[in-house]
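Student: My structure is below; once you've seen it, I'll send some questions.
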Amino acid sequence: MTLHKISITAFTVLSIVFHAQTKKEMSKLIQNEFQFADQQYKILMKGIPNDKMPQSYKSSEGKVITKDISWWCSGFYPGSLWMIYEQTKDPEIKKEAERTLNLIEPNKTFTRDHDLGFMMYCSFGNAYRITKNPKYKEIILQSAESLSTRFRPGMKAILSWDKMADFKAPVIIDNMMNLEMLIWASQNGGTKKTGEIAVTHANTTIKNHFRPDYSSYHVIDYDVNTGEVLGKKTFQGYSDSSAWARGQGWALYGYTMIYRFTKDEKYLIQAQNIAKFILNNPTLPEDKIPYWDFNDPKIPNVPRDASSAAIISSALLELGQYSKGEDRKNYVDTAKKMLLSLSNEKYHAKPRENGGFLLMHSTGGLPLNSEIDVPLIYADYYFLEALKRYKDWYL
Ligand code: GLY
């Protein structure tokens, strides 16, 4: 064997060993995380009344903050429980997952805002995926019909909120997430209409929500009859022209997901351009956990948003499935870095602390003086989803 061949062989072996070690470490980390979540959520479930959903934790009072079932986050707790059950097969977790699904079932006729996808697909979607119980599917299909009543043909989009601040007909970037239930329903026994609405909404959002650098506005205010854009604003971001971190996450996740269902390249390109904005952003810190808004001038002395990291990592892992070469490597490496940071004690709860939530340091609505630097149920949900995706696709 020549020296050259020996060194190539040695390099290959070394890189396989390195890769195997990394995979082994990730496999162990993911297994540990789900075991931890299993135990931690048994604490969380004891801290909530029977008719409410956990949202956050006020450490100064040692109190879990809960919300009614019509709150936009009511699907994340059941969804997280189902994902934990899927990995641990713990009957106590399953019992709580079923109890909380029953509790939110009446939401299937809810039409007061656009959040029904979050509420019913993150919950019943996971439940159906895991159990194949036809009752769960029926509930998803009915929920999709309810959500589709909010489509306004004049503006070619779903109306996010009926009444909020001074907006006339607001559509927020978050709305992209609710399309998953509509498009899934149309491909799984529901009506064609819900899928068409989802695609139309995604197209309108590409047209009006994005800036040339592929960052997105939070709120586009429309004339509901003509579709004329009346304003490009924010509700939860630093300013109308800033890039609110979670909004960028919703956009990235949304277009990656629309590509999954449609296989239309334009959505893939949109997602890849959004990823470029996020990953090349000079304010994205070394640990890859974004500050709450990419354009807050007080960075680095402002809160992080762990929820946006969880959402972005889950989305990047899916985008990695549809991308090649350096892009794919960059998406997966960054997602992994995010997961490792979130698993680190800086962001990660210690056993039996944090009210039973998994992650700390998320920011819900800083300008609203609401949920700043706290645990949030949806940060946990997307963290678990990203861990599952990593295990399913990259180990
Ligand atoms: N969908 C509301 C939020 O992201 O805060």
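The values are calculated or read from the model by the stated rules, or taken from the named source; none is laboratory data. Every value quoted in this text rests on a predicted model; they were computed, and no experiment measured them. So basically every Cβ, Gly included, is an ideal-geometry build from the backbone, and we count neighbours across all protein chains shown. Protein only, heavy atoms only, side chains kept; ligands, DNA and RNA dropped before computing areas. Shrake-Rupley method; radii C 1.70, N 1.55, O 1.52, S 1.80 Å.
Student: Relative to the Cα centre, what is the charge dipole magnitude of the chain, using +1 at the beta carbon of each Lys and Arg, -1 at the beta carbon of each Asp and Glu, and rounding to the nearest 20 debye?
Tutor: 860 debye
Student: Run the numbers for LYS132 and LYS192: contour at 0.36 nm per residue of separation, minus the present Cα-Cα distance, in nm.
Tutor: Details: separation 60, 0.36 × 60 = 21.60 nm, distance 2.17 nm.
Computed gain between LYS132 and LYS192 is 19.4 nm.
Student: On a straight-distance basis, which aspartates and glutamates could pair with LYS288 in a cross-link, Cα separation under 16 angstrom, same-chain partners fewer than 8 positions away excluded?
Tutor: ASP305, ASP333, GLU345
Student: Direction-averaged shadow area of the convex hull around the Cα atoms of region 283-330, nm²?
Tutor: Mean orientational projected area (region 283-330, Cα hull): 3.7 nm².
Student: Along the charge dipole of the chain, pointing to its positive end and built from +1/-1 on Cβ of Lys, Arg, Asp and Glu, which listed residue (LEU159, ASN281, ILE93) has its Cα farthest out?
Tutor: The residue sitting farthest along the positive end of the dipole is ILE93.
Student: Right, something else. Going Cα to Cα from LYS58, which lysines come in below 24 Å? Please leave out same-chain ones fewer than 8 positions away.
Tutor: List returned: LYS42, LYS46, LYS67, LYS346, LYS350.
Student: Then there's this: Where the convex hull is taken over the Cα atoms of region 25-129, what is its projected area averaged over directions, in nm²?
Tutor: 7.5 nm²
Student: What percent of all Cα-Cα pairs in region 97-144 falls into each 10 Å bin, going from 0 up to the bin containing the maximum distance?
Tutor: Percent of Cα pairs in each bin: 29, 62, 9.
Student: Another one. Calculate I(q)/I(0) for the chain by the Debye formula, one identical point scatterer on each C-alpha and no solvent, and give its log10 at q = 0.06, 0.09, 0.13 Å⁻¹ to two decimals.
Tutor: Values returned for q = 0.06, 0.09, 0.13 Å⁻¹ are -0.23, -0.51, -1.09.
Student: How big is the charge dipole of region 287-395 about its Cα centre, in debye rounded to the nearest 20, if each Lys and Arg gets +1 on its Cβ and each Asp and Glu gets -1 on its Cβ?
Tutor: 380 debye
Student: Give me the percent of the accessible area of the chain that comes from carbon and sulfur atoms, probe 1.4 Å, all protein chains in place.
Tutor: 53 percent
Student: Where does the charge balance sit around TYR394 when Lys and Arg score +1, Asp and Glu -1, over other residues with C-beta under 10 Å from its C-beta?
Tutor: Working: positive: LYS23, LYS336, ARG389, LYS391; negative: ASP392.
Result for the neighbourhood of TYR394: +3.
Student: Which loop trypsin sites (Lys or Arg not before Pro) in region 234-293, with loop taken from DSSP, have no more than 15 other Cβ atoms within 10 angstrom of their Cβ?
Tutor: Within region 234-293, the qualifying trypsin sites (Lys or Arg not before Pro) (loop, at most 15 other Cβ atoms within 10 Å) are LYS263.
Student: Write down the accessible area per residue of the chain in Å², having rolled a 1.4 Å probe over the full set of protein chains. If you can, show how the numbers build up before the last one.
Tutor: Details: 16820 Å² over 395 residues.
Value for the chain: 43 Å² per residue.
Student: Counting Lys and Arg as +1 and Asp and Glu as -1, what is the net charge of the other residues whose Cβ lies under 13 Å from the Cβ of LYS288? Let's see the in-between values first.
Tutor: Working: positive: ARG304, LYS336, LYS337, LYS346; negative: GLU286, ASP287, ASP305, ASP333.
For residues surrounding LYS288, the net value is 0.
Student: Count charges around TYR85 for me, please; just the other residues with Cβ under 10 Å from its Cβ, Lys/Arg as +1, Asp/Glu as -1.
Tutor: Value of the local net charge: -3.
Student: Next up: Given springs between every Cα pair under 10 Å in a Gaussian network model of the chain, which of VAL199, VAL229, VAL219 has the largest fluctuation?
Tutor: In this elastic network of the chain, the residue with the biggest mean-square fluctuation among VAL199, VAL229, VAL219 is VAL229.
Student: Further, regarding this structure: Would you list, by chain and number, the lysines whose Cα falls below 30 Å from the Cα of LYS156, excluding same-chain residues fewer than 8 positions away?
Tutor: Hits, sequence-local ones excluded: LYS108, LYS137, LYS168, LYS192, LYS193, LYS207, LYS232, LYS233, LYS263, LYS266, LYS276.
Student: Taking the Cα atoms of region 199-300, what is the range of coordinates along each of the three principal axes, in descending order and whole Å?
Tutor: In descending order, the Cα extents are 42, 32, 18 Å.
Student: How do the peptides 76-82, 38-44, 365-371 rank, highest first, by the average count of neighbouring beta carbon atoms within 10 Å per residue?
Tutor: Ranked by mean Cβ neighbours within 10 Å, highest first: 76-82, 38-44, 365-371.
Student: Name the residues whose placed amide hydrogens come within less than 5 Å of the amide hydrogen of HIS348, ignoring near sequence neighbours (fewer than 5 apart) on the same chain.
Tutor: Placed amide hydrogens put MET360 under 5 Å from HIS348.
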